[in-house]
1. Would you check if SER26 is more than 11 Å from the chain's Cα centre (by Cα) and of a type in the set (Gly, Ala, Ser)?
2. Can you tell me which residues in the stretch 5-51 are of a type in the set (Gly, Ala, Ser) and closer than 18 Å to ALA74 by Cα?
3. Looking at ALA74, ALA5, can you tell me which residue is open to solvent by less than 30 Å² (accessible area, probe 1.4 Å) and either at pLDDT below 95 or in contact with a Phe, Trp or Tyr (Cβ under 9 Å, 6 or more places away or on another chain) (or both)?
4. Please enumerate the residues belonging to the stretch 40-71 that are closer than 13 Å to LYS6 by Cα and open to solvent by 70 Å² or more (accessible area, probe 1.4 Å).
Amino acid sequence: MLRYAKSLLLMAKSFQTESNFEKAISHLKMAYELEIEDSKLKSNILYHLSRAYRLIGDYENFNKYADMYFELEA
C-alpha cells in the first residue's frame, strides 16, 4: 500500500503541475484513504490536498485539509 500511495501522490503532483486540480484532488484523496502508517507521507498528501483546494478557490476544503495537516504536524 505504501508504494501505491507514493505513486498516487506522484501522479497528483504531476496533475497539479498541469493545472488539472480535479484529477490531482481525486488521486490525493485515494492516497489519503489508504491504510498507511507513514506520517510523513500522510502529511505530504494533506499538504498537497490543501494546496490544490486553495488553487481552485475552494477555501472550505482548503481549511479542512490544512487543519488536518497542522494537526498531524503538531
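1. Values: more than 11 Å from the chain's Cα centre (by Cα): no; of a type in the set (Gly, Ala, Ser): yes.
Considered against the rule, which asks whether it is more than 11 Å from the chain's Cα centre (by Cα) and of a type in the set (Gly, Ala, Ser), SER26 comes out as no.
2. To start, the set of residues in the stretch 5-51 that are of a type in the set (Gly, Ala, Ser) comprises 5, 7, 12, 14, 19, 24, 26, 31, 39, 43, 50.
Residues satisfying the conditions are SER39, SER43, SER50.
3. Working: ALA74 fails: open to solvent by less than 30 Å² (accessible area, probe 1.4 Å).
Criteria check complete, one pass: ALA5.
4. Residue satisfying the conditions is LYS40 alone.
The values are calculated or read from the model by the stated rules, or taken from the named source; none is laboratory data. This one's a predicted model, so the numbers in the text were calculated from it and none came from an experiment. Here Cβ is always computed from backbone atoms with ideal geometry, including for glycine, and neighbour counts include all displayed protein chains. Please note that ligands, DNA and RNA were not included when accessible areas were found on the heavy atoms of the full protein model with its side chains. Shrake-Rupley method; radii C 1.70, N 1.55, O 1.52, S 1.80 Å.
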